[in-house]
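Peer 1: Have a look at the structure that comes next, please.
The values are calculated or read from the model by the stated rules, or taken from the named source; none is laboratory data. Just so it is clear, the model here is predicted, and its values are computed rather than measured. Here the Cβ positions follow ideal geometry from the backbone for every residue, glycine too, while neighbour counts run over all protein chains shown. Note: areas computed on protein heavy atoms with side chains; ligands, DNA, RNA excluded. Shrake-Rupley method; radii C 1.70, N 1.55, O 1.52, S 1.80 Å.
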Amino acid sequence: MRGFVYDQPAIRVIFGVGALDRLAEEVQRLGARRALVLATPEQRGDAEQAARRLGSAAAGVYAEAVMHVPIETARAARQEAHRLAADCCVAIGGGSTIGLGKAIALESGLPIVAVPTTYAGSEMTPIYGLTEGGLKRTGRDRKVLPRTVLYDPTLSVTLPPKISGPSGMNAIAHCVEGLYAQDANPIISLMAAEGIRALARSLPVVVLAPANLEARADALYGAWLAGTVLGATSMSIHHKLCHTLGGTFNLGHAEVHTVILPHAVAFNREAAPEAIRVVAEALGSKGAAQGIYDLAVRIGAPIALKDIGMPLDGLDRAAKLATENPYYNPRPVDYAGVRQLLEDAYYGKRPV
Ligand code: NAD
């Protein structure tokens, strides 16, 4: 066995149908009395409901979260937290909302109680992102790691199939890259394999029957594991490419992950055979890359960059940007290889 470092900060997790009923108790447990509840404009209703549950422990609702945390949004939210003398943030939503909570925590150190309603996994990571002048900068800081996470599958039943599917594929991507990460370790690898298993079996049910609580709970369990993997390891070519494509061409975060993943796996196939074998096994498929592609097709998620807004003449630039700064990947990253990967993803070719 390869030597490893295991260094996991503790997060308190409350999981299950009705977990949200514990919100007031959990906020109180942190010693907080004035929680600012965050959400996107679309989820204002969820935030207001959470504020009602908090009663006098709610300082206010701020439902202005948007994708990729623009610095202007972060500044306005920080001011609001300051104005209301908030002593805690409750982030109810997906990665965008939890990201806004992290932007506040980064500056003020306010504790976060996260209530995730997608499968993106941000609630389990010390990673934050801020977008300024069109450029997204990410960093790691344990200050932004939520203290408590309430996973309540009931909140995800309203997540439409076209968001649920790609969001789940985004979570699978964390697991896949965690398995071949430079800083992989055996415990995290167990979580990654189990995360893939849970998501692969639940997503087809989730998109067919969005109100199926059993499947929603299974998918959320997979998302929890996937987020833990993302927070504990460093990601490779897949995440690097998705970051570049999303930032430069303004493509949907979870959709890019869905489209790129089979091709990133095919790219790394020979260089990381053991990780790829585990992925295939967890998917119950003969080939890992094909298994991921077929799962995306089965759940009606996008499979081609051309269908999610990527311009054909952007492929050269994307390949250049993604190969500019050398970073760890099981297979050394070269322009020609990445350009081919992007072309296959552009047309949505099934990996062979
Ligand atoms: P999102 O948070 O942008 O949510 C997508 C849309 O779905 C929003 O309109 C939201 O209001 C809506 N929505 C969420 N839950 C819903 C529900 N249950 N019912 C109905 N609508 C619902 O999407 P996301 O994919 O969760 O997050 C993407 C963002 O998170 C990106 O900016 C990405 O970079 C970031 N992210 C960060 C990390 C990290 O560790 N820092 C990890 C993953 C993703």
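Peer 1: Give me the accessible area per residue for segment 1-52, probe 1.4 Å, as a whole number in Å².
Peer 2: Numbers: 3270 Å² over 52 residues.
Roughly 63 Å² per residue, with all protein chains present.
Peer 1: Here is a follow-up. For labels at Arg83 and Gln28 in the simple 7 Å Cα→Cβ model, what's the distance in nm?
Peer 2: About 3.0 nm, to one decimal.
Peer 1: How much of the accessible area of segment 1-137, in percent, comes from carbon and sulfur atoms when a 1.4 Å probe is used? Spell out each step's value before the answer.
Peer 2: Details: 3060 of 6240 Å².
The value for segment 1-137 is 49 percent carbon and sulfur by accessible area.
Peer 1: Loop-only check: which trypsin sites (Lys or Arg not before Pro) in segment 1-64 are DSSP coil with at most 11 other Cβ within 10 angstrom? Don't skip to the answer; put the middle values down first.
Peer 2: Numbers: sites: Arg2, Arg12, Arg22, Arg29, Arg33, Arg34, Arg44, Arg52, Arg53; in loops: Arg2, Arg33, Arg34.
Passing sites in segment 1-64 are Arg2.
Peer 1: If each DSSP helix of 4+ residues adds -39,500 (n - 2.57) and the sum is divided by the residues in the chain, what number results at 222 nm, nearest 500 deg cm²/dmol? Mind dumping the intermediate values first?
Peer 2: Details: 13 runs with 181 residues, N = 352.
The helix contribution divided over the chain gives -16500 deg cm²/dmol.
Peer 1: Right, another one. So how much slack lies between Tyr347 and Arg317, counting 0.36 nm per residue of separation and subtracting their Cα-Cα distance, in nm? Don't skip to the answer; put the middle values down first.
Peer 2: Values: separation 30, 0.36 × 30 = 10.80 nm, distance 1.70 nm.
Answer, rounded to one decimal: 9.1 nm.
Peer 1: Which value in nm describes the separation of the simple spin-label points at Gln49 and Asp334, placed 7 Å from the Cα toward the beta carbon?
Peer 2: Result for the modelled spin labels: 5.4 nm.
Peer 1: How much FRET efficiency would the formula 1/(1 + (r/R0)^6) give for Phe249 and Ala304, where r is the Cβ-Cβ distance and R0 is 22 Å, rounded to 0.05? Write down the numbers at each step before the final one.
Peer 2: Working: r = 14 Å, r/R0 = 0.63.
Efficiency, rounded to the nearest 0.05: 0.95.
Peer 1: Charges at C-beta only: +1 for Lys and Arg, -1 for Asp and Glu. How large is the resulting dipole of the chain about its Cα centre, in Debye rounded to 20? Kindly include the intermediate steps, with their values, before the conclusion.
Peer 2: Values: 35 positive and 33 negative charges, 54 e Å.
For this selection, approximately 260 debye.
Peer 1: Give me the mean projected area, in nm² to one decimal, of the convex hull enclosing the Cα positions of segment 1-131.
Peer 2: Numbers: hull surface 36.3 nm².
Averaged projected area of segment 1-131's Cα convex hull equals 9.1 nm².
Peer 1: Rank Gly129, Gly60, Gly31 by mean-square fluctuation in a GNM of the chain with C-alpha springs under 10 angstrom and give only the top-ranked residue.
Peer 2: Gly31
Peer 1: Could you work out, for segment 185-343, what percent of all Cα-Cα pairs fall into each 5 Å distance bin, beginning at 0 Å and stopping at the bin that holds the largest distance?
Peer 2: With a bin width of 5 Å, the distribution comes to 1, 9, 16, 22, 21, 16, 10, 3, 1, 0.
Peer 1: For segment 266-310, rounded, prolate or oblate, judged on the Cα gyration tensor with a ≥ b ≥ c (square roots of eigenvalues), a/c < 1.5 rounded, else prolate if a/b > b/c? Working shown, then result.
Peer 2: Details: a/c = 4.00, a/b = 1.65, b/c = 2.43.
Oblate, since a/c reaches 1.5 and b/c is not below a/b.
Peer 1: By its C-alpha gyration tensor, with a ≥ b ≥ c as the square roots of the eigenvalues, how is the chain shaped: rounded for a/c under 1.5, else prolate for a/b larger than b/c, else oblate? If you can, show how the numbers build up before the last one.
Peer 2: Numbers: a/c = 1.71, a/b = 1.52, b/c = 1.12.
Prolate.
Peer 1: For Val66 and Val205, what is the calculated FRET efficiency with R₀ set at 25 Å and r taken between the beta-carbons, to the nearest 0.05? It would help to have the intermediate numbers written out before the result.
Peer 2: Numbers: r = 30 Å, r/R0 = 1.21.
That pair, Val66 with Val205, gives E of 0.25.
Peer 1: Sort 305-313, 196-204, 115-123 for me by packing, meaning the mean count of neighbouring Cβ atoms within 10 Å per residue, highest on top. Can you show the working numbers first?
Peer 2: On the way: 305-313: 15.7, 196-204: 23.7, 115-123: 28.8.
Most protected by this proxy first, the peptides run 115-123, 196-204, 305-313.
Peer 1: Pairs of Cα atoms under 8 Å, at least six residues apart: use those to get the relative contact order of the chain, whole percent. Walk me through the intermediate numbers first.
Peer 2: Numbers: 706 pairs, mean separation 50.5, N = 352.
Once divided by the residue count of the chain, the mean separation gives 14 percent.
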